[in-house]
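> Submitted below is the structure of interest, expressed as structure tokens.
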Amino acid sequence: MQKILIVDDDRTLRAAITRYLEDRGFVVNSAASGLAGFNSFSQEVPDLIVSDIVMPDMDGFELCTKIRNTDAGQLLPFIFLSARSELEDRIQGHTLGADDYLVKPFHPRELIAKIEAQLARADRIRFQIELALQNAHPRLGREKSPLPLTPAEEKVFWEVIQGYTNKKIGTHLFISPRTVQTHLSSILSKLELENRSQLIRYAFENGYTPLQNT
């Protein structure tokens with residue numbers, strides 16, 4: 001399951017976002033300040049961070065800068081969620097390395113859409129990096145073994161390892177996103193994996209690349 005770190009000094013909002021994300025299958029950690037958020041990141045690197053800007057101890061801008069200066073945080077998806085709506089604030093957020101910026105008040109569905117888009121983008125980047133490494137060092141890839149999947153699941157498998165969202169996979173395969181998720185859950189169970197990121201790594205380590213899907 002993918003892990004999200006929420007950093008915001010508003011306890012009520014933190015709790016509401018946490019419940020909303022957990023109901024949708026995410027594992028959520030939270031912190032009440034930038035400093036606490038950085039400490040949480042240092043102890044366990046999440047898959048994505050959502051952060052307020054105005055907070056005690058360390059603001060969101062400094063938090064983003066410190067995270068981007070670490071090896072683990074250079075490509076980590078980072079979304080600002082702030083009441084500061086001025087153009088200069090949004091520009092500064094992106095300049096410091098944020099991947100997206102959502103202004104409060106917001107609709108939870110928009111936050112989910114931004115989170116899913118950034119996670120999918122991170123998966124695509126990770127896959128391309130691993131594919132480049134495999135092409136540079138062919139011996140890193142192992143000979144493929146047959147996938148223990150149904151034909152429908154295998155089609156979803158090839159789409160997922162390219163970093164596509166459930167909605168886009170559904171469009172490609174002419175099935176609903178809910179059906180895609182059903183197949184994905186079955187794939188993860190059969191391969192004894194927990195999430196999309198692990199599935200992409202499994203594909204890389206076992207010699208599965210889209211170029212071989214012929």
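The values are calculated or read from the model by the stated rules, or taken from the named source; none is laboratory data. If you're wondering where the values come from, they're calculated on a predicted model, not measured in any experiment. Quick reminder, even Gly has a Cβ in these numbers, built from the backbone with ideal geometry, and neighbours come from all protein chains shown.
> Restricting to the range 39-53, name every residue that is among the hydrophobic types (A, V, I, L, M, F, W, C) and either modelled with pLDDT under 95 or more than 19 Å from Leu13 (Cα to Cα) (or both).
Phe41, Val45
> Now a separate question. Name, by its number, the condition in (1) without any contact (Cβ under 8 Å) to a residue 40 or more places away in the chain; (2) over 22 Å from Asp123 (Cβ atoms); (3) part of a helix (DSSP H, G or I) that does not hold for Leu63.
(1)
> Also, I was wondering about something else. Select from the range 157-181 the residues that are among the small types (Gly, Ala, Ser) and either modelled with pLDDT under 85 or part of a helix (DSSP H, G or I) (or both) and write down the one among them that is farthest from Asp123 (Cα to Cα). Outline the logic, then answer.
Residues of the range 157-181 that are among the small types (Gly, Ala, Ser), as a first pass: 163, 170, 176.
Checking which are either modelled with pLDDT under 85 or part of a helix (DSSP H, G or I) (or both) leaves us with 163, 170.
On the way: Gly163: 5, Gly170: 18 Å.
So, considering only residues that are among the small types (Gly, Ala, Ser) and either modelled with pLDDT under 85 or part of a helix (DSSP H, G or I) (or both), the one farthest from Asp123 (Cα to Cα) is Gly170.
> Which residues, taken from the range 182-197, are surrounded by 15 or more Cβ atoms within 10 Å (Cβ to Cβ) and at pLDDT below 90?
Of everything in the range 182-197, those that are surrounded by 15 or more Cβ atoms within 10 Å (Cβ to Cβ) and at pLDDT below 90 turn out to be Leu193, Asn195, Arg196, Ser197.
> Filter the range 3-47 down to the residues that are of a type in the set (S, T, N, Q) and out of contact with any helix residue (DSSP H, G or I) (no Cβ under 6 Å at 6 or more places or on another chain), then identify the one that is nearest to Leu75 (Cα to Cα). Reasoning before the result, please.
Of the range 3-47, the ones of a type in the set (S, T, N, Q) are 12, 18, 29-30, 33, 39-40, 42-43.
Checking the rest, the ones that are also out of contact with any helix residue (DSSP H, G or I) (no Cβ under 6 Å at 6 or more places or on another chain) come to 12, 18, 33, 39-40, 42-43.
Working: Thr12: 29, Thr18: 23, Ser33: 22, Asn39: 18, Ser40: 17, Ser42: 15, Gln43: 17 Å.
Out of the qualifying residues, it is Ser42.
> Here is a follow-up. Give the residues of the range 19-49 that are under 8 Å from Ile4 (Cβ atoms) and assigned to a strand (DSSP E or B), sorted by residue number.
If the condition is that a residue be under 8 Å from Ile4 (Cβ atoms) and assigned to a strand (DSSP E or B), then Val27, Val28, Asn29, Leu48, Ile49 are the ones that fit.
> Still on this structure, please answer the following. Given Leu131, Leu119, Leu111, which one is at pLDDT below 90, among the hydrophobic types (A, V, I, L, M, F, W, C) and assigned to a helix (DSSP H, G or I)?
Leu131
> Out of (1) in the same structural domain as Gly34 (by TED's automatic domain parsing); (2) under 27 Å from Phe157 (Cα atoms); (3) surrounded by fewer than 17 Cβ atoms within 10 Å (Cβ to Cβ), the odd one out for Asp71 is which?
Just one mismatch for Asp71, condition (2).
> Can you run down the residue pairs with Cβ atoms below 9 Å, 6 or more apart or on separate chains, where the first is in the range 67-83 and closer than 13 Å to Lys104 by Cα and the partner is among the hydroxyl-bearing types (Ser, Thr, Tyr) and in a strand (DSSP E or B)?
Ile79/Ser51; Ile79/Tyr101; Phe80/Ser51; Phe80/Tyr101; Leu81/Ser51; Leu81/Tyr101; Ser82/Ser51; Ser82/Tyr101
> Can I ask one more? For Gly93, state whether it is outside any loop (DSSP other than H, G, I, E, B) and farther than 22 Å from Asn166 by Cα.
When the stated conditions are applied, Gly93 passes them.
> Answer yes or no as to whether Ser40 is polar (S, T, N, Q) and crowded, with 21+ Cβ neighbours inside 10 Å.
For Ser40, the condition - polar (S, T, N, Q) and crowded, with 21+ Cβ neighbours inside 10 Å - is not met.
> Here's another thing I want to ask about it. Inside the range 41-62, can you point out the residues that are under 15 Å from Leu81 (Cα atoms), of a type in the set (Val, Ile, Thr) and out of contact with any Ser or Thr (no Cβ under 8 Å at 6 or more places or on another chain)?
The answer is Ile49, Val50.
> Output yes when any residue across the range 18-32 is among the acidic types (Asp, Glu), modelled with pLDDT under 95, farther than 21 Å from Lys104 by Cβ and not assigned by TED's automatic domain parsing to the domain that holds Thr182, and no when none is.
no
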